1. Assuming R0 = 25 Å, what is the FRET efficiency of Arg60 and Gln115, from their Cβ-Cβ distance, to the nearest 0.05?
2. As I understand it, the dipole of the range 236-384 uses +1 on the Cβ of Lys and Arg and -1 on the Cβ of Asp and Glu, about the Cα centre. Which of His294, Pro335, Ser258 lies farthest toward its positive end?
3. Among 264-276, 245-257, how do they line up from the highest to the lowest mean number of other beta-carbon atoms within 10 Å?
4. With n ≥ 4 as the cut-off for DSSP H runs, can you work out [θ] at 222 nm for the chain, using -39500 (n - 2.57) per run divided by the number of residues, rounded to the nearest 500?
5. With a Förster radius of 60 Å, plug the Cβ-Cβ distance of Arg330 and Glu122 into 1/(1 + (r/R0)^6) and report the FRET value to the nearest 0.05.
6. For the range 371-440 and the range 115-141, what is the separation of their C-alpha centers, rounded to whole Å?
7. Hand me the chymotrypsin sites (Phe, Trp or Tyr not before Pro) from the range 335-411 located in a DSSP loop with no more than 13 other Cβ atoms within 10 Å, in residue order please.
8. Just grab the label-to-label distance for Arg318 and Asp421, each label 7 Å out from Cα along the Cβ direction, in nm (one decimal).
Amino acid sequence: MSTPNRSLTEDNSIPEARSLIERVVDHDNIAYACRRVMRNKGAAGVDKMEVTALPDYLRRNWDIIKEQLLNGDYRPKPVLRVEIPKADGGMRMLGIPTVLDRLIQQALLQILSPQFDPCFSERSYGFRRGRHAGQAVQQARSYQHNGKRWVVDMDLAQFFDEVNHDILMGRIGRKVEDRRVLRLIRAYLDAGVLVGGLVSRTPKGTPQGGPLSPLLSNIMLDDLDKELEARGHDFCRYADDCNIYVGSKRAGERVLVSISHFVENRLKLKVNRKKSAVARPWNRKFLGYSFTNHKLCRIRVALKSLKRFRKHLKGLFRKGKGRNLTWFIRKDLNPVLRGWINYFRLSEVKGFAEELDQWLRRRLRLILWRQWKRPWRRFQNLMKFGISEQRAARSAFNGRGPWYNSGASHMNQALPKKFFDQLGLVSTLEKLLNFRTALT
């Protein structure tokens, strides 16, 4: 189907007099949703249809699908259940809708978001236009600067799997009167999941993986935000990550008990008692960041985030063993480094970047040392990079392992930082300092 260039983010492109479901299936709204789904790509669902096949499929079938949506007869297909590893070692369950269902969910999202988003809390930062995780971290720092140096770190156990459908639909029904839209959303909640070739019912939960899921999570947790605001608490929430900042440990313990009671009794969600805690902010992790323990604390990268990133990079380096180093750096390593440091650019502590850059260069020297393989070739290459004949011979035939040699002075002298700069290696320290300069 054709996809007009004009954006549908402005509500005045669709007359208000039309019913909500008519606005959802409006040609311009669907065209914009199609572009978004195509741009996001993603895996195929249970019907195996790829994203690239969507435009042709819509040209052939959209009239029938539109009629089903308008009549309230459309039935979504089950989502494909997949598991991905979590940072803590567990598994996260994702549900992949079919490409068509992703399109319809995206179309719903574009119409529903303007209705719900203006009413959400100013302290809710997740999955909202113009808001991001960095703002939540900066707000958390601000609370600490104002003397709130204890945090209630509340962890919701398997939030997306525990959402009560009836409670969620009740929250949606406060703003949505079109019963066809309500039935369609309920149909997505009840669509089921395909696991091992069998479709299982989903009496609760909203599968992560669909465009609509983030909005539904914010609708569900908006009551929590309003409760915290009514009690006068300072808090930041990003999806199901919620931190409440208080002035003392005793106050934090009271807040954790009372808010946990609210979450479990009013929202029918579960609080993970083992992971929830009242602690100093610099001993906890929030959205990958942490803080220093100064009175005017500074934002830093959490140690767990650094360890997890190094673990990821180790897997990447294993793939680069036999490859051209320049190609590996530019095509594989640099995009990962840019994305990671771009997220953590708010860090006000630079020591982690200096250490990371040193570690990266040592890993790259390790690749070259192994590629040189035999002592005689190592001897020749060390001399080629400016090491004296006597020292090159002593180093190449020292009998030490690759990791030792990658960090030894002869490899640091032969392959200094300047060598990797010429290969185009991204420096996380320089990126961080550039971000800081741009902010000032």
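1. Computed FRET efficiency for Arg60 and Gln115 comes out at 0.20.
2. So the residue we want is Pro335.
3. Per-residue mean Cβ counts within 10 Å order the peptides as 245-257, 264-276.
4. Taken over the chain, the calculation gives -16000 deg cm²/dmol.
5. Working: r = 42 Å, r/R0 = 0.70.
In this case the efficiency is close to 0.90.
6. Using only Cα atoms to place each centre, the spacing works out to 44 Å.
7. Phe397
8. Placing both labels 7 Å beyond Cα along the Cβ direction yields 3.4 nm.
Only the coordinates and a few stated rules stand behind these numbers; no lab work does. Here the structure is a predicted model, which means the values were calculated and not measured. Here Cβ is always computed from backbone atoms with ideal geometry, including for glycine, and neighbour counts include all displayed protein chains.
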